[in-house]
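*Asks:* One structure, pasted below without further comment.
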């Protein structure tokens, strides 16, 4: 293992520039949703209203994100990002004006919807640039690049919510939303200005049809299932962990458990990216999701927040390899001209799974207790194991068929 692999990647022409500017914008994206919660609650004193506006933002982001990504794949990042960022900035401005003016809840929700529909997924754009940069002779370095992306995402979702919570708790919720919008705008514009590393847009109608057909393949549907399932794990784990600590009279321990899990995830992602693995990606995926399934079955057996904290380190460590492998398999499955759409669809699937599981596990925790809420979280990794095994068998059959045809020739 050597950190030179990360340094080598970032020394590639233009790589450090697009990675770091996208990372800045990611922090803003990570701040936006929670920032809306603080903003609306600070003005209305209602969690119901803040949840409604935030929910509108999340749903719009999940549904409109792939459509925006489709435009980016067709016309290029440099052409689509500036107007999208301008629209997002105006939408955030409209939301701030409606909240400051104590507008009706439906009008604030409309502002949240517009903000969600126009926010670009800068992580997907950065991932597409890595895939274009490392295609061909450097394809073996792609897992390390996606590990770097995973680390950037983890850091963003540690730093972003922390920043916006500090500002919100300090009585400056509007400043948190403004800072989030400024980071998204500055990071996105800086990324759009870097034309040299941007993937080439679709060049013909025939290529567009090929690219769109690749999104309809059963293999990509399986990847959607993976991300939906990992979203189930995320959403149910967050709610169940919070409920568990509250039931044990240690509500403050929830934040510590999440922090410990995130730190374990960061370390595991760093080490995974530094390693050169000989096993095929699909085999690695079976091992990783099996480990997550086993670890996620342990929380119902623990009796204290301390024990849950130890288990959260195990589950957190299993996440980065899974996310990296899903990105690698997506690059192998989808036509390059549709890669931004593919990454964005996977993000939307994860968000949908997280939202549904959070609601279900919350209901289960209220009715039967937090221990049973963890059963919802376990369901996600179990489904991923089934999908990984089915995908591995299908891959083996295809490889065997290819060898027989080659021998016959």
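The values are calculated or read from the model by the stated rules, or taken from the named source; none is laboratory data. Not measured: the values here are computed from a predicted model. Here the Cβ positions follow ideal geometry from the backbone for every residue, glycine too, while neighbour counts run over all protein chains shown.
*Asks:* Out of 23, 64, 60, report the one residue that is closer than 19 Å to residue 182 by Cα, assigned by TED's automatic domain parsing to the domain that holds residue 134 and buried (at least 16 other Cβ atoms within 10 Å of the Cβ).
*Replies:* From the options 23, 64, 60, the qualifying one is 23.
*Asks:* Out of (1) surrounded by 17 or more Cβ atoms within 10 Å (Cβ to Cβ); (2) within 23 Å of the chain's Cα centre (by Cα), the odd one out for residue 95 is which?
*Replies:* In the conditions (1) surrounded by 17 or more Cβ atoms within 10 Å (Cβ to Cβ); (2) within 23 Å of the chain's Cα centre (by Cα), residue 95 misses (2) alone.
*Asks:* Which fully enclosed helices (runs of 4 or more DSSP H) of the stretch 279-385 have 3 or more residues being out of contact with any helix residue (DSSP H, G or I) (no Cβ under 9 Å at 6 or more places or on another chain) and either modelled with pLDDT under 85 or buried (at least 20 other Cβ atoms within 10 Å of the Cβ) (or both)?
*Replies:* In the stretch 279-385, no matching helices (runs of 4 or more DSSP H) lie anywhere.
*Asks:* Something else about it: Inspect all residues belonging to the stretch 1-11 and state whether any of them is in the same structural domain as residue 88 (by TED's automatic domain parsing) and more than 26 Å from residue 196 (Cβ to Cβ).
*Replies:* no
*Asks:* Considering the stretch 192-223 alone, what residues qualify as being within 21 Å of residue 292 (Cα to Cα) and surrounded by 22 or more Cβ atoms within 10 Å (Cβ to Cβ)?
*Replies:* The one that is within 21 Å of residue 292 (Cα to Cα) and surrounded by 22 or more Cβ atoms within 10 Å (Cβ to Cβ): 223.
*Asks:* Considering the stretch 321-349 alone, what residues qualify as being within 11 Å of the chain's Cα centre (by Cα) and closer than 21 Å to residue 259 by Cβ?
*Replies:* 323
*Asks:* Tally time: how many residues in the stretch 215-226 are part of a helix (DSSP H, G or I) and touching a helix residue (DSSP H, G or I) at 6+ places or on another chain (Cβ under 6 Å)?
*Replies:* 7
*Asks:* Still on this model: For the stretch 183-207, which residues satisfy the criterion of being in a helix (DSSP H, G or I) and out of contact with any helix residue (DSSP H, G or I) (no Cβ under 7 Å at 6 or more places or on another chain)?
*Replies:* If the condition is that a residue be in a helix (DSSP H, G or I) and out of contact with any helix residue (DSSP H, G or I) (no Cβ under 7 Å at 6 or more places or on another chain), then 205, 206 are the ones that fit.
*Asks:* Out of (1) in the same structural domain as residue 57 (by TED's automatic domain parsing); (2) in contact with a helix residue (DSSP H, G or I) (Cβ under 7 Å, 6 or more places away or on another chain); (3) at pLDDT 85 or above, what's the single condition that is false for residue 168?
*Replies:* (3)
*Asks:* Take residue 69 and decide whether it is more than 21 Å from the chain's Cα centre (by Cα) and either surrounded by fewer than 24 Cβ atoms within 10 Å (Cβ to Cβ) or touching a residue at least 60 places away in the same chain (Cβ under 8 Å) (or both).
*Replies:* Judged against the criteria, residue 69 is not a match.
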